[in-house]
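Below: one structure, written as structure tokens.
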Amino acid sequence: MPKKPKTRRSTNEMAVSGSTRAWTQWWLLDDESVAQGVEDRVRQLWEDDAERRWDVERNLKRWGLSLAGLYADPTIRTKESLRVNLTKSLTETITAKVGKNRPRPLVLTDGGHFTNKQKAKKMQRFLDGVYQQANVYEKMPLVFRNSMLTGTGALYTSGNPYSRRFYADNIFPLEILVDNVAATHGIDAARDIFRLYPVDKDQLIEDYPKAAAAIESAAMYGPEGSLPTTTILSGLHRDVRSAMVCEAWRKARVTADGETIEGRHVKTCNGAVLIDEAWCEDTFPFVFQFWNAPVRGPWGDSAVSEIRGMEREVNILLQRAQEAMHRTGLATMLVHRDAKYQTAKQGTDPMTVVTWEGQVPPTVQVGTPVHPQILEQPQTLMRLAANQLGTNELQ
């Protein structure tokens, strides 16, 4: 197992909104302070990430997914009315089209002798077995779909030295937090990264019995009124025994003198340290996939944002056509004002009765409620949306 890095206490502090908040370099804190340092940093990044979280929630609402009780903003609502779900249709279509691809890493020799070629074949079999064991090909289409919905998909990779197994898990992109300023040139340019996610309390207590008291006393889904739910939604999960876990990684680096400075990996829950170990890699344990790679910053642009305007216009036109159908698409009977007409005998059939001045006998008319071009425009927009994302209606 990797050894624990040497740490020292950082005393940097700054005043925020009239109160003092520890503005620390968490990877330099001692064992007693590192949990609070990590959780304070995660809390601050969570607040800074509100705009991205709101945009992702809006995309997922268009797809049809409700996140009530986890990340959802209670102010976002969807109407139960006529609606064409272009977001779900196109994302599922493109995911099925691209997800069938199975990229395979190859181990090749360049002019090697027979022994090296045999080693390459064995290494190839090993890599194929690792991919199969971790179900990488089954999880990557889900990562790709997340990149379409949120702009960035993430695959978390880990290994267990005791079972000697490799794991790859598709994780929800909103669980990952990073300093947007430090990651101006891309998420790999950041020196540290964080993950915030719920875990069952019983599982945590079983895995980390020394921190059982802190885990048991942890609030559901984090502190009340924050991280990540709100007081309005906290009552929706009274029977859920889950606590928020914060995990942080600091990259190792090599100085100009060739000295290697180890990074740090810390896992905490409600102020208790679950894991504290050295991180000897200069990379993060995540594989990121972007729909559109970011020009600046850590997060990519989603496919949903590209067709959001067209989907909205399609549904506006269809809903207006629906209203017109209900108002003027039914038969209308024209009746003379002085005629003795008993509306009670009209029956239950939907028909509008209009009084008529003149000597013309009653007639029934059915008008054209919607101009044909209004019904043609949604079809045109749906074709444009499909073309925008690189597919077509036939697929």
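The values are calculated or read from the model by the stated rules, or taken from the named source; none is laboratory data. Because the structure is predicted, anything quoted here is derived from the model rather than measured. A quick note on method: Cβ atoms are made from the backbone with ideal geometry, for glycine too, and the neighbour counts reach across all protein chains shown. Accessible surface is based on the protein model in full, side chains and every heavy atom, while ligands, DNA and RNA are left aside. Shrake-Rupley method; radii C 1.70, N 1.55, O 1.52, S 1.80 Å.
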In region 369-393, how many residues are more than 28 Å from the chain's Cα centre (by Cα) and open to solvent by 30 Å² or more (accessible area, probe 1.4 Å)? 10
I'd like to verify a number: residues in region 277-312 that are closer than 20 Å to residue 157 by Cβ and of a type in the set (Asp, Glu), how many? 3
Within the set of pairs 6+ apart or on separate chains, which have a first residue in region 172-186 that is touching a residue at least 40 places away in the same chain (Cβ under 8 Å) and open to solvent by less than 10 Å² (accessible area, probe 1.4 Å), a second that is assigned to a helix (DSSP H, G or I) and hydroxyl-bearing (Ser, Thr, Tyr), and C-beta atoms under 9 Å apart? 173/147; 173/150; 174/150
Regarding region 316-323, can at least one residue be identified that is modelled with pLDDT of 80 or more, of a type in the set (Val, Ile, Thr) and loosely packed, with under 15 Cβ neighbours inside 10 Å? yes
Name the single residue that is nearest to residue 300 (Cα to Cα) among those in region 183-217 being in contact with a helix residue (DSSP H, G or I) (Cβ under 7 Å, 6 or more places away or on another chain) and small (Gly, Ala, Ser). 183
Log entry, pairs with first residue in region 135-149 being open to solvent by 30 Å² or more (accessible area, probe 1.4 Å), second being basic (Lys, Arg) and modelled with pLDDT under 90, beta carbons closer than 8 Å, six or more apart or on different chains, reads 137/102
Starting from residues that are of a type in the set (Phe, Trp, Tyr) and under 18 Å from the mean Cα position of the chain (by Cα), keep the ones in region 26-59 and report whichever is surrounded by the most Cβ atoms within 10 Å (Cβ to Cβ). 46
State all residues of region 249-268 that are touching a Lys or Arg at 6+ places or on another chain (Cβ under 7 Å) and hydrophobic (A, V, I, L, M, F, W, C); if no residue qualifies, say none. 261
I'd like the full set of residues that are at pLDDT 60 or above, open to solvent by less than 50 Å² (accessible area, probe 1.4 Å) and under 21 Å from residue 301 (Cα atoms), limited to region 63-88. 63, 85, 86, 87
Tell me, please, whether a residue that is of a type in the set (Val, Ile, Thr) and at pLDDT 90 or above can be found in region 197-212. yes
Here is a check on your reading of the model: is residue 127 among the aliphatic types (A, V, I, L, M), surrounded by fewer than 20 Cβ atoms within 10 Å (Cβ to Cβ) and more than 20 Å from residue 55 (Cα to Cα)? yes
Search region 259-284 for residues that are more than 14 Å from residue 245 (Cα to Cα) and without any contact (Cβ under 8 Å) to a residue 40 or more places away in the chain and pair each with any residue that is part of a strand (DSSP E or B) and of a type in the set (A, V, I, L, M, F, W, C) when their beta-carbon atoms are under 7 Å apart and the residues are at least 6 apart or on different chains. 260/254
Going through 149, 127 one at a time, which residue ends up being under 20 Å from residue 195 (Cα atoms) and at pLDDT 90 or above? 149
Subset of region 279-315 (residues that are among the aromatic types (Phe, Trp, Tyr) and open to solvent by less than 60 Å² (accessible area, probe 1.4 Å)): 279, 284, 286, 288, 291, 299
Region 95-116: number of residues that are part of a helix (DSSP H, G or I) and surrounded by 10 or more Cβ atoms within 10 Å (Cβ to Cβ): 6
